[in-house]
């Protein structure tokens, strides 16, 4: 046994060197490097696998994984994502990875795929018969309906146990990983956020109430937000950064509205229209909206996702204290809501070999328990969010996510966003602007779903 293991370790080292020639591993390549397996010939790939297949066969065939059909027999587990892994994994996560590699007789490889190329690389590599990765992160709005309808994604029913708590206890997996009743995507405990960053020092100097304190009392509302904006106006400081589409969309959701709901146009609902009209008042006032620049004190508030905290805290010009809160509640909302437009899940390209074994190995790489998974993310975010109030807000946001999904539909985005820009530029009324595009927008949804 000892000799076989020594042989296996040596073979794995040789294999790693060979596979390194054709599999992009983000731990070794920079973000600007885009080398991956689909750049190399299938012959080279198969020869590399055959070099070690005979050596590991005896050891692999006696493992529990082999008996269950889950032994990868030297086949690498290629994980496609758009960020580098260098410095990303904790010591515990690295140890977890080593255990997975030993248990499933595999090597984890992180394939760097630039964000803007993720969907196109999946399509072209799949057509070529060599999917760019075995398991790949994609935006939900790319996957559904397009990539499923066109046959590029593998259905997961039967490959994973959806009754396993690591999946069944995850509301994002169970709600947003499905399309037409079938499971296609899964996620780790979903620790993302979207809210308002604000210059806390600037607000203190203006003598206004702190949004976080209002939030904790349940009093962070549109009305209180407008009061703060008017107080800042007297000090000559614009309130909100000028992002008409994002501001309007996220305030629609903060009023418990939606742009699209159940594959139907919803931007003309009472909840949505109330938000559009509220945002129009902010823009119509002129000096309540300003150019981006919390750091430079150009504005007090700007929308932002979890990862935007790094841009603020990592900027040496940021001398003021930074705050982070939910979007204020609209009159029709019962609680704070996190409108999330960039939801990413993990998917498998259709035609991936050893599919069941690769999902089994992948699911053991990460902390899948919900609360423990949230804590892993919070620990990583502490250096960027800094204060306890910001961290508390971040944790609460994990449980309040609502998907913004209008970009899923071909042609819808252009219709909706152009109309919103026209409304906020005061060139058309909210009611007329939304009504004139409603029929076309619904047609865009229906065409995308091939109704």
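Placing a pseudo-label 7 Å from each Cα along the Cα-to-Cβ vector at residue 116 and residue 201 gives an inter-label distance of 3.4 nm.
Here the label points at residue 164 and residue 313, each 7 Å from Cα along the C-beta direction, are separated by 3.2 nm in the simple model.
Taking the number of Cβ atoms within 10 Å of each Cβ as an exposure proxy, the fewest-first ranking of 210, 134 is 210, 134.
Normalised by the number of residues in region 211-269, the mean separation of alpha-carbon contacts (under 8 Å, six or more apart) gives a relative contact order of 14 percent.
For region 349-404, the extents of the C-alpha atoms along the principal axes are 46, 26, 18 Å, listed from largest to smallest. For the pair residue 400 and residue 379, what calculated FRET efficiency results from E = 1/(1 + (r/R0)^6), where r is the Cβ-Cβ distance and R0 = 30 Å, to the nearest 0.05? So, using R0 = 30 Å, E works out to roughly 0.90.
With 0.36 nm allotted per residue and the present C-alpha distance subtracted, the residue 440-residue 261 stretch has 62.8 nm of extension available. If you take the square roots of the eigenvalues of the alpha-carbon gyration tensor of region 333-381 and sort them as a ≥ b ≥ c, do you get rounded (a/c under 1.5), prolate (a/b over b/c) or oblate? The shape class here is oblate.
Spacing of the modelled spin labels on residue 418 and residue 150, each 7 Å from Cα toward Cβ, amounts to 2.3 nm. Going by neighbour counts of Cβ atoms within 10 Å, the residues 248, 187, 352 line up, fewest first, as 352, 187, 248. Normalised by 2.2 N^0.38 Å, where N counts its residues, the alpha-carbon radius of gyration of region 342-436 equals 1.67.
Here the contact order of region 354-451, divided by its residue count and restricted to Cα pairs under 8 Å and six or more residues apart, works out to 21 percent.
Rounded to the nearest 10 degrees, what's the angle between the helix 430-448 long axis and the longest principal axis of the chain, both from Cα atoms, 0 to 90? So the inclination is approximately 20 degrees. The ranking of 279, 136, 273, 343 by Cβ neighbour count inside 10 Å, starting from the fewest, reads 273, 343, 279, 136. Considering region 385-451, its Cα convex hull presents a mean projected area of 7.0 nm². Compared with the alpha-carbon gap, the fully stretched path from residue 95 to residue 450 is longer by 123.2 nm at 0.36 nm per residue. Computed from Cα positions, the angle between helix 412-424 and the longest principal axis of the chain comes to roughly 30 degrees.
Taken over the chain, the alpha-carbon convex hull comes to 147 cubic angstrom per residue. The long axis of helix 388-397 is offset from the longest Cα principal axis of the chain by roughly 70 degrees. Take every pair of alpha-carbon atoms less than 8 Å apart whose residues are at least six positions apart; their mean separation over the length of region 283-414 yields a relative contact order of 29 percent.
All of the numbers you see were taken from the coordinates with simple rules; none came from a lab. Computed from a predicted structure; not experimentally measured. All Cβ positions, glycine included, derive from the backbone under ideal geometry; neighbour counts span all protein chains shown.
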